[in-house]
Protein chains: 2
Amino acid sequence: MRTTAAEDVIFGLTRMGDTEASGLSADDVAQVVNEAARFCRDQILPGAQAADREGARYANGTVTTARSYPGVYRQWMEGGWQGLSAPEEFGGQALPGSLWVAMMEFALAADASFALGPLLTAGAIECLDHYGSPEQKARLLPHMVSGEWTGAMCLTEPQSGSDLGTLRTRAEPLGEGRYALHGQKIYITWGDHDCTGNIVYLVLARLPDAPPGSRGISLFVATKMLADGTRNALRCGGIEHKMGIHASPTCTMLFEGAEAELVGTPHRGLNAMFAMMNNARLAIAVQGVAHGARALELAEAYAAEREQGGRKIEAYPDVARMLMEMRASTLAARLIALETAAAGDRFRRTGDAEAELRLALLTPIAKAWCTERGVENASTGVQVHGGMGYCEDAGAAQVLRDARIAPIYEGTNGIQAIDLVARKLGRDQGAAMRALIAEAREAAPAIGTTLDGFEAATALIVAAEPEAAQSVSFAYLDAAGWVLGAWLLARAAQLDARYAETEHFFRQRMLPRAVARIAEINAVLGRSGE
Amino acid sequence: MRTTAAEDVIFGLTRMGDTEASGLSADDVAQVVNEAARFCRDQILPGAQAADREGARYANGTVTTARSYPGVYRQWMEGGWQGLSAPEEFGGQALPGSLWVAMMEFALAADASFALGPLLTAGAIECLDHYGSPEQKARLLPHMVSGEWTGAMCLTEPQSGSDLGTLRTRAEPLGEGRYALHGQKIYITWGDHDCTGNIVYLVLARLPDAPPGSRGISLFVATKMLADGTRNALRCGGIEHKMGIHASPTCTMLFEGAEAELVGTPHRGLNAMFAMMNNARLAIAVQGVAHGARALELAEAYAAEREQGGRKIEAYPDVARMLMEMRASTLAARLIALETAAAGDRFRRTGDAEAELRLALLTPIAKAWCTERGVENASTGVQVHGGMGYCEDAGAAQVLRDARIAPIYEGTNGIQAIDLVARKLGRDQGAAMRALIAEAREAAPAIGTTLDGFEAATALIVAAEPEAAQSVSFAYLDAAGWVLGAWLLARAAQLDARYAETEHFFRQRMLPRAVARIAEINAVLGRSGE
């Protein structure tokens, strides 16, 4: 029995998640989710293909977004969506983060280029809420929570990508807590645009007395417009010509003495940024889910209508196989993302250390595994369409082009795998992972053999030299994703028979990929393989 | 030790293939291959990125190719490359088909959009050489073999893609062996262009007395220009806006009473087309190899130059892993394509039935597995570049966009898998596959366990009901590719120690993917899995 993305999300939030603990009834959740899905389908989706063709444009230091975007953004703002899970004190609705995650799935599926603006704004809100001074928060957050101003994160520099320790942007003290920023930032998503009158920039830079490396980086906040209504000394120097997300302006930002304030403690900017990045990483995991869901929607519709050899192509076993792979791995990815979001909500609600460990453990898996599946499913969606899928009219190709960025940004998937193996396993010698495996074994005895293999691989990784462990870190993360997916699908099928067929397909036909990854790890880390 | 693509190809042709049996010394082969590689690097590659940006353009019934193309095409023609493996009688050099395959790898890697023109022309030459009348051959082939005219294959119609039995283009007899073609063909690669003065179209259509379905289809040949120098009644009705291969014009062709001649026997057009398609399928397999090779070349160069965290990124274990995956699976794909080409050469030379069976068995595996790896490696190549890879300037994104078509055209990879399982295993109950497995077991005892599993899966598939077999046909084809790759790499490593590291990596880290596929087949066809 097929379920819609909204039904799956509601199920994931209420039956498998813990929105109830946040004081929300299942009906409350269903109402918000259905309204979010409807808004994205009716307001965001219709302009997405035209926006991709138009793309963001740059001329004379200014970015112009697709014709439809300012209007769509106004709808977004007026609907109050930006504040869904933002603090009430600054005008938000303070709903659990997992509901924001649900909203982001629909928005990213409808138009990833558009949704990236609100996604980055949410990250900036979270960062300022945690690290900003009361005065900064009171001055900036109400405008951001309402959606009146957007937020942008300025980390990467030409010489400084995965290794932020080498960044060079400098902050010159002007006295009275004010600084002038000098430097160039690249790959700044929604760094400039014409949808709002102001933009808030969170910028990593060095103070004059900063020690070299990653311990000498501080966080600053700057706005496009100054309090007196004049332009700050920062501007967009150009936008990238990309494979996809054409309508999302990816900006080079030039800080030419821009006025800024310090956020949080000097030299501790990376900590603040990493805290925010965990959240952004979950949001990008959701992007993987969203592209899979959109690809599936298009492929299902096409396969139900296209006829070859006297029957609809959905009736052919190999086409049915492709659709089931998309359905099963997209649902598994959705459940992993929601499980991660639920751990975040639990931690924010209770401050529980176990929840924090679980959140930290799941985040890199969710980011990397869900975005790998997003690309894979977008590609399978193209394949279901045949030649039509390769032509841009059908929309399937755009999903693939848009999906391909997600394994790269917010920390490449390779970096996620190293984070998982070196930091998340390393800090407790795999204890949090073993706890998770034990939970999975309890809930899903049918995957016990694979769990045994995965637990043994975990022990091999924990015991390995760092370089050896990192050479199989991606294989390990991938195995973890398949195993987690099988566990969560087993739980889902136990709670609701509508998921039984998907669970069975995933376990029989996709879980063996975890076994292959485990064999790879065993072969490299000492046990014999072929 | 790293080897270049040209070195690998020479090794594959001479040490593993049988160019010697065709009377060519290793030096002869090396000379042709090195010259082909040089030509593609110096003449074709330089304009590829600009051609992608320009794209093919259509206006008023006429296609204009990228500015550089007519000049590059002239070089191609003047170099005599089109005739490399064409019959001497029509001006060709009659070298083995595997040398043409080698040339195609370099040309497709340099610029797939450009190379598709010659690739399709070669298919049309082969078809006419086999099925044309002596008079047709004498009149058409010299112009095509010289490259003065190109060839295009006109199969697909809007309602008729994978199922050609439903095509509607009709051929109206005009007497004296002449026909008027009426109908619309879509997705015609290089269907119109401005690089030559004439184009030869091979067109599938129905005669008035044709039985319905696939047994009522005949093959016709038409030319853009008639013998008297006037235009034939056919024209390009538009070109597709595609995800990639932007510079290859993908045309809708309108036949509006175009004068044509029958090729071969009435109602037997599909047979002729399938004979030609086997060859085209091998060429598309080579496209997969080529995209992997080009992606690897770009990624290696970037990783050797880009520094993060104080060292070149190629030194990081996870980046090294990505490069090795690309290297190993591209080499495996190259060896599979060359093995298939060698079987074709052997068959053409000796008429040997075993060689024909081997060619028929390997063709769908080569087409599907090599193009899947092409997409995968192009995507990994983007990943190695990080954010830069997603921007079009680096070139990696173009490789991925161009690679994505190969699993679709010349029979989708799903169709290849069905061909493998239903026809190639079905016709001899898996005997040819068992012979291949026995040969692999002999040459590569280290992969014996996997071969046992693959042989058992083969028996399960042969015994299964057709619909059940087809639901795992893609898994089976994928397993076959990994197994074949491991076997050929083992042979390569035995002959040349330079391949030992790659073989070891592939066997330890990639061959487990075959095991996962075998587990999937076992689970579906009755043996228990998790």
Please report, in debye to the nearest 20, how large the charge dipole of the stretch A:413-524 is about its Cα centre when each Lys and Arg carries +1 at its beta carbon and each Asp and Glu carries -1 there. 160
For the stretch A:383-441, what is the largest minus smallest coordinate of the Cα atoms on each principal axis, given in angstrom and ordered from greatest to least? 50, 28, 12
Return one number: the angle in degrees, 0 to 90 and rounded to the nearest 10, between the long axis of the Cα atoms of helix B:134-145 and the longest principal axis of the Cα atoms of chain B. 60
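Any chance you could list the semi-axes, whole Å, largest first, of the equivalent ellipsoid that the Cα gyration tensor gives for the protein assembly as shown, using √(5λ)?
Details: eigenvalues 490, 209, 158 Å².
Whole-Å semi-axes of the equivalent ellipsoid: 50, 32, 28.
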In Å and on Cα atoms, what radius of gyration and Dmax does the stretch A:127-179 show? 14.3, 35
Across peptide A:312-324, how many C-beta atoms of other chains are within 10 Å of each residue C-beta, on average? 4
Please report the Cα spread of the stretch B:341-453 along all three principal axes, rounded to whole Å, starting with the longest. 49, 33, 27
Degrees separating the helix A:353-384 axis from the principal Cα axis of chain A, which is the longest one: 70
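Got a sec? What order do A:His193, B:His241 fall in by accessible area at 1.4 Å, biggest, i.e. largest, first? Don't skip to the end; give the middle numbers.
Values: A:His193 5, B:His241 105 Å².
Reading off the accessible areas and sorting them downward yields B:His241, A:His193.
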By how many nm would the segment from B:Thr350 to B:Ala431 lengthen if fully extended, with 0.36 nm per residue of separation less the alpha-carbon distance? 27.0 nm
Interatomic Cα distance distribution for the stretch A:1-127, bins of 5 angstrom, percent: 2, 10, 19, 21, 18, 14, 8, 4, 2, 1, 0
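To one decimal place, what orientation-averaged projected area in nm² is obtained for the convex hull of the Cα set of the stretch B:236-334? List each step's numbers first, then the result.
Values: hull surface 40.1 nm².
Over every viewing direction, the Cα hull of the stretch B:236-334 projects on average to 10.0 nm².
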Between the residues B:Cys391, B:Ile437, B:Thr412, the Cα farthest towards the positive end of the dipole of the stretch B:390-442, that dipole coming from +1 and -1 charges on the beta-carbon of Lys, Arg, Asp and Glu, is from B:Ile437
Determine by what factor the alpha-carbon radius of gyration of chain A differs from 2.2 N^0.38 Å, reporting the quotient. 0.95
Of the accessible area of the protein assembly as shown, with the probe set at 1.4 angstrom, what percent is carbon plus sulfur? 51
Using a 10 Å cut-off on Cβ atoms, rank the peptides A:246-252, B:320-326, A:42-48 from the highest mean neighbour count down. A:246-252, B:320-326, A:42-48
Dimensionless Rg ratio for the stretch B:150-268, taking C-alpha atoms and the 2.2 N^0.38 Å reference: 1.03
Averaging the inverse of every distinct alpha carbon separation and then flipping it gives the Kirkwood radius. What is it for the stretch B:413-524, in angstrom units? 14.1
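Sorting check: for A:302-310, B:363-371, A:416-424, which peptide has the highest mean count of neighbouring beta carbons within 10 Å, and how do the rest follow?
Per-residue Cβ counts within 10 Å, averaged per peptide and sorted highest first, yield B:363-371, A:416-424, A:302-310.
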Quick one: compute the contact order of chain A, relative version, from alpha carbon pairs under 8 angstrom and 6+ residues apart, as a percent. 13
With every protein chain kept in place and ligands, DNA and RNA left out, what is the accessible area per residue of the protein assembly as shown? Probe 1.4 Å, answer in Å². 34
To the nearest 10 degrees, how steep is helix B:448-463 against the longest Cα principal axis of chain B, on a 0 to 90 scale? 40
For A:Gln429, inter-copy label-point distances (7 Å, Cα→Cβ), nm, shortest first, read 5.9
Computed over the Cα atoms of the stretch B:405-468, what is the convex hull's projected area averaged over all directions, in nm²? 5.3
With respect to the symmetry axis carrying chain B onto chain A, which residue of chain B exhibits the smallest Cβ distance to that axis, and what is the value in whole Å? B:Ala516, 2
Taking each residue in A:377-390, count the Cβ atoms of any other chain within 10 Å of its Cβ, then average. What number comes out? 5
Round to a whole angstrom and tell me the spacing of the C-alpha centers of the stretch B:5-50 and the stretch B:326-381. 17
Dipole magnitude of chain B, debye to nearest 20 (Cβ charges: Lys/Arg +1, Asp/Glu -1, about Cα centre): 660
Other chains' Cβ within 10 Å of A:238-251 residues: what's the mean? 3
In vacuum, with every alpha carbon of the stretch B:460-530 counted as one equal point scatterer, what does the Debye formula give for log10 I(q)/I(0) at q = 0.25 Å⁻¹? Two decimals, please. -0.99
Accessible surface buried once B binds A (1.4 Å probe; total of both sides; Å²): 5600
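For the stretch A:102-236, with only Lys/Arg (+1) and Asp/Glu (-1) charged at the beta-carbon, what is the dipole magnitude about the Cα centre, in debye rounded to 20?
Working: 11 positive and 14 negative charges, 83 e Å.
With only Lys, Arg, Asp and Glu charged at Cβ, the dipole is about 400 debye.
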Applying 1/(1 + (r/R0)^6) with R0 = 25 Å to the Cβ-Cβ distance of A:Met225 and A:Arg74, what FRET efficiency is obtained, to the nearest 0.05? 0.85
Output the relative contact order of the stretch B:413-524, whole-number percent, from Cα pairs under 8 angstrom with separation of 6+ residues. 32
Take the alpha carbon atoms of the stretch A:476-530, find their center, do the same for the stretch B:137-163, and report the distance between the two centers in whole angstrom. 47
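With the radius of gyration and the Kirkwood radius both derived from the Cα set of the stretch B:43-190, what is their ratio Rg to Rh? Intermediate results must be reported in sequence, preceding the final value.
Values: Rg = 16.9 Å, Rh = 17.0 Å.
Computed over Cα atoms, the ratio is 0.99.
So for chain B, if I pair up every lysine 8 or more residues apart or on another chain, how many of those pairs have alpha-carbons under 18 Å apart?
Working: B:Lys137/B:Lys224; B:Lys185/B:Lys224; B:Lys185/B:Lys242; B:Lys367/B:Lys424.
Qualifying lysine pairs in chain B: 4.
The values are calculated or read from the model by the stated rules, or taken from the named source; none is laboratory data. A quick note: this is a predicted structure, and the numbers were derived from the prediction, not measured. Virtual Cβ from ideal backbone geometry, glycine too; neighbours counted across all protein chains shown. Side chains are part of the model used for accessible areas, which takes the heavy atoms of the whole protein and leaves out ligands, DNA and RNA. Shrake-Rupley method; radii C 1.70, N 1.55, O 1.52, S 1.80 Å.
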